[in-house]
């Protein structure tokens with residue numbers, strides 16, 4: 001099984017591989033967002049988290065095997081913006 005950094009490394013050249021990262025972590029990001037902002041906002045936050053992550057693949061520290069802290073950081077920032085706009 002590939003580590004998250006393997007997926008991210010391969011995604012930089014083959015964007016379709018990024019779907020593996022989504023498949024692996026979308027449900028946990030969704031649950032995190034739903035607990036903080038409700039189910040309706042969780043859909044948007046989850047989608048935006050992976051959109052932002054996909055745009056920032058080059059900034060990911062490939063020394064880290066687990067992308068969850070990075071994804072949670074992105075989701076937290078999005079939730080903060082969501083709370084400010086509500």
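Selection of the stretch 13-37 for residues being surrounded by fewer than 16 Cβ atoms within 10 Å (Cβ to Cβ) and not in a loop (DSSP other than H, G, I, E, B) yields 15, 16, 19, 23, 27, 28, 31, 35. Taken as a whole, the stretch 37-53 holds at least one residue that is without any contact (Cβ under 8 Å) to a residue 24 or more places away in the chain and within 20 Å of residue 14 (Cα to Cα). Within the stretch 5-32, residues that are closer than 19 Å to residue 44 by Cα have Cβ atoms under 9 Å from residues that are at pLDDT 95 or above and not in a helix (DSSP H, G or I) in these pairs: 21/67; 24/67; 25/67, counting only partners at least 6 apart in sequence or on another chain.
For the stretch 38-71, a residue qualifies if it is under 15 Å from residue 21 (Cβ atoms) and exposed (fewer than 14 other Cβ atoms within 10 Å of the Cβ), and the qualifying residues are 51, 55, 56, 58, 59, 61, 62, 65, 66, 69.
The values are calculated or read from the model by the stated rules, or taken from the named source; none is laboratory data. Since this is a predicted model, take the numbers as computed values, not measurements. Don't worry about glycine lacking a Cβ; one is built from the backbone with ideal geometry, like all the others, and counts go over all protein chains shown.
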